[in-house]
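*Asks:* Encoded as structure tokens, here's the structure I'll be asking about.
The values are calculated or read from the model by the stated rules, or taken from the named source; none is laboratory data. Quantities reported herein were computed from a predicted structural model and do not represent experimental measurements. No Cβ is skipped: glycine too gets one built from the backbone with ideal geometry, and neighbour counts run over all protein chains shown. Note: accessible area is taken over every heavy atom of the protein model, side chains too, but ligands, DNA and RNA are not part of it. Shrake-Rupley method; radii C 1.70, N 1.55, O 1.52, S 1.80 Å.
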Amino acid sequence: RLGLTVLLCIGSGGERKNQRLVVEALARPDAPAALACGFIGEGPDVEELATLVRALGLSSRVRFFGPLVDAASYL
């Protein structure tokens, strides 16, 4: 979509990378509507993060792609 800014996180999901913070920021009322996020990778917290995304009603703005061999090509 034109005008959409996408944040992309590549790597293992987990507490160290704090992807939860990104999701919570997207849920803020003052978050730009033209901002979305994609996660490439796997890890211990990915399912929990996906549950949070659904609970916050962000499924249309956040995508989980799982592990991809060519992840760098998305940059």
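*Asks:* Based on what the data block shows, is LEU56 in contact with a Cys (Cβ under 8 Å, 6 or more places away or on another chain), surrounded by 14 or more Cβ atoms within 10 Å (Cβ to Cβ) and modelled with pLDDT of 95 or more?
*Replies:* Values: in contact with a Cys (Cβ under 8 Å, 6 or more places away or on another chain): no; surrounded by 14 or more Cβ atoms within 10 Å (Cβ to Cβ): yes; modelled with pLDDT of 95 or more: yes.
It is false that LEU56 is in contact with a Cys (Cβ under 8 Å, 6 or more places away or on another chain), surrounded by 14 or more Cβ atoms within 10 Å (Cβ to Cβ) and modelled with pLDDT of 95 or more.
*Asks:* Tell me which residues, restricted to the range 38-75, are hydrophobic (A, V, I, L, M, F, W, C) and touching a Pro at 6+ places or on another chain (Cβ under 9 Å). Lay out the reasoning, then the answer.
*Replies:* Start the filter on the range 38-75 by keeping residues that are hydrophobic (A, V, I, L, M, F, W, C), which leaves 39-40, 46, 49-50, 52-53, 55-56, 58, 62, 64-65, 68-69, 71-72, 75.
Within the range 38-75, just ILE40 meets the criteria.
*Asks:* Follow-up. Name the residue that is most open to solvent (accessible area, probe 1.4 Å), counting only residues in the range 59-75 that are assigned to a loop (DSSP other than H, G, I, E, B) and either more than 19 Å from GLY3 (Cα to Cα) or of a type in the set (D, E, K, R) (or both). Lay out the reasoning, then the answer.
*Replies:* Narrowing the range 59-75 to residues assigned to a loop (DSSP other than H, G, I, E, B): 59-61, 67-70, 75.
Cutting the leftovers down to either more than 19 Å from GLY3 (Cα to Cα) or of a type in the set (D, E, K, R) (or both) gives us 61, 67-70.
Numbers: ARG61: 48, PRO67: 86, LEU68: 58, VAL69: 158, ASP70: 81 Å².
Checking each candidate, the answer is VAL69.
*Asks:* To continue, here is another question. State the number of residues belonging to the range 8-30 that are out of contact with any Gly (no Cβ under 8 Å at 6 or more places or on another chain), outside any loop (DSSP other than H, G, I, E, B) and either among the polar types (S, T, N, Q) or open to solvent by 60 Å² or more (accessible area, probe 1.4 Å) (or both).
*Replies:* 3
*Asks:* Then there is this: Do we have any residue at all in the range 31-50 that's at pLDDT 95 or above and open to solvent by 70 Å² or more (accessible area, probe 1.4 Å)?
*Replies:* Looking for residues that are at pLDDT 95 or above and open to solvent by 70 Å² or more (accessible area, probe 1.4 Å), one finds none in the range 31-50, hence no.
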